[in-house]
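The structure appears below as structure tokens.
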Amino acid sequence: MIKPLNLLSQKLNNRVIVELKGNREYRGILDGYDPHMNLVLKNAEELFENEIKRKLETAIVRGDNVIYISP
Amino acid sequence: MIKPLNLLSQKLNNRVIVELKGNREYRGILDGYDPHMNLVLKNAEELFENEIKRKLETAIVRGDNVIYISP
Amino acid sequence: MIKPLNLLSQKLNNRVIVELKGNREYRGILDGYDPHMNLVLKNAEELFENEIKRKLETAIVRGDNVIYISP
Amino acid sequence: MIKPLNLLSQKLNNRVIVELKGNREYRGILDGYDPHMNLVLKNAEELFENEIKRKLETAIVRGDNVIYISP
Amino acid sequence: MIKPLNLLSQKLNNRVIVELKGNREYRGILDGYDPHMNLVLKNAEELFENEIKRKLETAIVRGDNVIYISP
Amino acid sequence: MIKPLNLLSQKLNNRVIVELKGNREYRGILDGYDPHMNLVLKNAEELFENEIKRKLETAIVRGDNVIYISP
Amino acid sequence: MIKPLNLLSQKLNNRVIVELKGNREYRGILDGYDPHMNLVLKNAEELFENEIKRKLETAIVRGDNVIYISP
């Protein structure tokens, strides 16, 4: 048994996939998070329907948009 | 009478079906949860209209998307 | 006068109809609940537009999808 | 001046109209409520676009779907 | 400077327009409110696209549907 | 650094633009606010797609509809 | 590891991109924020599908619309 936020803690500095509502997907290095699942991603790419739309050096993603995070 | 979160606790390490808003379905081994129904799934498959779209070694699913969880 | 959660308590082990947002309906034996109206249903059927779509031995339904519960 | 929940209290055992999001309407005897405006209706009818769709001996309606309640 | 709820308090027993999400509008005498902006309206009219759809002697309007209230 | 609510406080009695969800825009004199960003506007105009739809002597706008406020 | 709000604090007085629900994007100098991710932007531009729609000297953006903030 592992708590969801503890798993996030273990995955700091690892590459993660973040699926958001509205068919948005972000990929990047997990650099931080808080209990609302707000996330900090580094070297992030924004994808829409599997195509890269934008590259972002850093992005703060608001947790209430998250569907899943996959390390 | 069993509380919903207690049932989740009993189903740790079992295969579960997780139905999300937006016709998304995930299947995997329940590896963790918290009181918001945020879930950790292992060896997860994402299905959309009954077809496997993606396989995920681990996924943290945010609880507010959940419609039901079926052990 | 009866509080909504007290009525749920009285209906434990009875068959209930649970109508969710998005035209989903579940029928099953009420096996548990919590103050958020998260529910545990046993021997549940999922219906969509009055047709049985799936049978579920157990289902944890998240309360924020509920429109009404009818014992 | 009357607080909304106090008015509900006065209307216990009276017939009420409950308008929900998604063009759903319920009519029945108000048998209970709680501070979230979760309601218990007895001898309830569900209407959709002014036609009776279903009769329910008892229904627990979740408050967050309510648009208005009219005694 | 006037706090929004204090303005509601001043407008008790006055006619107000209440615009809700989904192009619904209610007009009536403000007879009560609470901190969630749940409202009690007396001699209320429900309008949809500027046409009167229904008259309601009393209506409890749930605050989370409100866009604005205009005294 | 200025906190969002402190900026609102500085802009009392000034004309503001308030953009709401659903392409609604309000313009008026900011006469009050609370921590939920509920607002009191005086001499307000409601615009829809840049056309004035309605003039309102006073309006209490519920904060959860706000996208941005521009003094 | 950096907490999302701490990263915002570091980026005060820097140019940021703010992506909102509904394909809205704002760019401007981050002049303030609070724990709900309500933001104050200076010299802001509103973009819709990559075209500048409006320039705003100052804008208070409500946090619950935010998808991501990219410094």
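Please work out the C-alpha center-to-center distance from chain A to the range D:14-60 and express it in whole Å.
A separation of 42 Å, based on Cα centres.
Quick check on the protein assembly as shown: helices-only [θ] at 222 nm, where DSSP H runs of length 4 and up contribute -39,500 (n - 2.57) each and the sum goes over total residues. Nearest 500, please. Please list the in-between numbers first.
On the way: 7 runs with 49 residues, N = 497.
Roughly -2500 deg cm²/dmol at 222 nm, from the helical runs in the protein assembly as shown.
How big is the protein assembly as shown by the Kirkwood estimate over distinct Cα pairs, in Å?
Its Kirkwood hydrodynamic radius stands at 24.5 Å.
Top mean-square fluctuation among A:K11, A:K42, A:K21, Gaussian network model of chain A, C-alpha springs under 10 Å?
Between A:K11, A:K42, A:K21, it is A:K21 that shows the largest mean-square fluctuation.
In the range A:1-32, which residues have a backbone nitrogen under 11 Å from the label point lying 7 Å from B:N13's Cα in the Cα-to-Cβ direction?
Residues passing the 11 Å test: A:1.
Which of A:I17, A:I29, A:I60 ends up with the largest GNM mean-square fluctuation for chain A, with Cα atoms connected below 10 Å?
Maximum among the listed residues: A:I60.
Using only the Cα atoms of chain A, what are the Rg and Dmax in Å?
11.3, 36
Just list whichever of E:K42/F:K21; A:K3/B:K11; A:K11/G:K21; E:K53/F:K42 have alpha carbons separated by over 23 Å in the model shown. Write down the numbers at each step before the final one.
On the way: E:K42/F:K21 28 Å; A:K3/B:K11 14 Å; A:K11/G:K21 27 Å; E:K53/F:K42 29 Å.
Pairs exceeding the cut-off: E:K42/F:K21; A:K11/G:K21; E:K53/F:K42.
Go ahead and set up a Gaussian network model of chain B, Cα springs under 10 Å, then flag whichever of B:R24, B:R15, B:R54 fluctuates most.
Per the Cα network of chain B with a 10 Å cutoff, B:R54 tops the list.
Within the range B:4-48, whose backbone N sits under 11 Å from a point 7 Å along Cα→Cβ of C:E51?
Output list for this probe position: empty.
Within 10 Å of each Cβ in peptide A:34-41, how many partner chain Cβ atoms are there on average? Round it to a whole number, please.
For peptide A:34-41, the averaged partner shielding equals 5.
Which whole-number percent gives the relative contact order of chain D, counting Cα pairs below 8 Å spaced six or more residues apart?
Relative CO of chain D lands at 31 percent.
FYI, it's all coordinate maths here, none of it is from the lab. Keep in mind that this is a model prediction, so the values were computed, not measured. We place every Cβ from the backbone using ideal geometry, glycine too, and count neighbours over all the protein chains shown.
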